[in-house]
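The values are calculated or read from the model by the stated rules, or taken from the named source; none is laboratory data. Model, not experiment: these values are computed from the prediction. With ideal geometry, Cβ positions are generated from the backbone for all residues, glycine too; neighbour counts draw on all protein chains shown.
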Amino acid sequence: MPITLSCPSCGGGLSVPDEQAGQTVQCPSCQTVITVPVPIPPPVPVTAMAVPPPPPPVGGMYGAGPGIVYVAPMQDPTSLWGHFINCLKQYATFTGRARRREFWGFCLFWFLTSLVLGILNLVLTFVASAAVIGLALSWLFTLVFLLPSFAVICRRFHDIGKSGVAAVPLYIAIPVHIMAGAISGVLSLSFLQNARASSFAMQPHDFTPMMIANGLSALSSLLSLGALIYILIFLTRDSVPGDNPYGPNPKGVLPYQYGTEVRSI
């Protein structure tokens with residue numbers, strides 16, 4: 001494209017090809033030397049940078065779903081032993097929620113305590129004068145821990161969003177299991193005492209208590225298995241995120257940056 005120039009001396013116009021940009025030419029009328037200017041290219045339009053969208057608002061009862069900031073559970077500062085003690089402090093508290101760590105912490109030390117008492121009871125069974133003491137300790141342990149066991153089970157069901165009605169099968173199975181085991185223990189103790197007294201010269205009808213004890217032991221074992229399956233189906237579930245009708249999430253929550261997915265523990 002030719003470049004049009006105007007002579008500063010005579011005012012005459014001239015046209016030069018764009019290849020001579022930056023060079024000098026002479027005006028044909030007055031012979032004045034003119035420097036051909038270099039054309040300035042048009043400005044390149046700048047595209048504005050994309051602004052990231054703002055974080056979506058937090059909403060919803062459970063803290064999950066479209067438009068919700070991801071959250072993560074807080075670090076639990078309470079040990080398993082601490083959860084066990086807290087369950088004993090909340091002896092008959094059937095309201096609120098209990099996370100999995102609290103429930104299994106209670107189960108762990110309940111099992112260890114019952115195991116020690118079971119071994120002690122087994123040792124005392126072979127001592128005629130102390131057999132009743134072992135049974136008394138077992139019954140006392142059962143009565144003391146029965147109510148807090150029901151309470152933490154109810155709170156655990158609340159934590160997964162279910163009412164305490166869902167715990168009724170366990171409320172029935174656990175006492176029946178305990179009673180069946182206790183009756184079986186009494187009958188077995190009676191059989192052993194009769195066996196010692198008769199120097200093992202026993203009649204067939206003397207074995208009836210032992211047969212009943214074995215049947216009750218089998219029933220107790222079936223109830224234990226059923227209760228364990230029921231617990232594994234329901235009580236191993238994670239907490240419902242956020243608040244639910246039974247209270248705030250016992251794990252608590254910490255907000256993370258928008259777009260970062262954090263899995264719950």
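Would you confirm, using the coordinates I've provided, whether S217 is of a type outside the set (K, R), at pLDDT below 80, over 34 Å from the mean Cα position of the chain (by Cα) and not in a loop (DSSP other than H, G, I, E, B)? Judged against the criteria, S217 is a match. Across the stretch 136-182, the qualifying residues are those that are hydroxyl-bearing (S, T, Y) and closer than 23 Å to Y246 by Cβ, and the one among them that is modelled with the highest pLDDT is S149. Counting residues in the stretch 68-79 that are at pLDDT 70 or above and out of contact with any helix residue (DSSP H, G or I) (no Cβ under 9 Å at 6 or more places or on another chain) gives one or more.
Quick check: anything in the stretch 139-150 more than 17 Å from the chain's Cα centre (by Cα), farther than 20 Å from M179 by Cβ and surrounded by 14 or more Cβ atoms within 10 Å (Cβ to Cβ)? Within the stretch 139-150, none of the residues are more than 17 Å from the chain's Cα centre (by Cα), farther than 20 Å from M179 by Cβ and surrounded by 14 or more Cβ atoms within 10 Å (Cβ to Cβ). Looking for something out of contact with any helix residue (DSSP H, G or I) (no Cβ under 8 Å at 6 or more places or on another chain), modelled with pLDDT under 90 and assigned to a helix (DSSP H, G or I) - is there at least one such residue anywhere in the stretch 88-99? No: the stretch 88-99 contains no residue that is out of contact with any helix residue (DSSP H, G or I) (no Cβ under 8 Å at 6 or more places or on another chain), modelled with pLDDT under 90 and assigned to a helix (DSSP H, G or I). The residues on offer are T47, T4, and the sole one that is assigned to a strand (DSSP E or B) and at pLDDT below 75 is T4.
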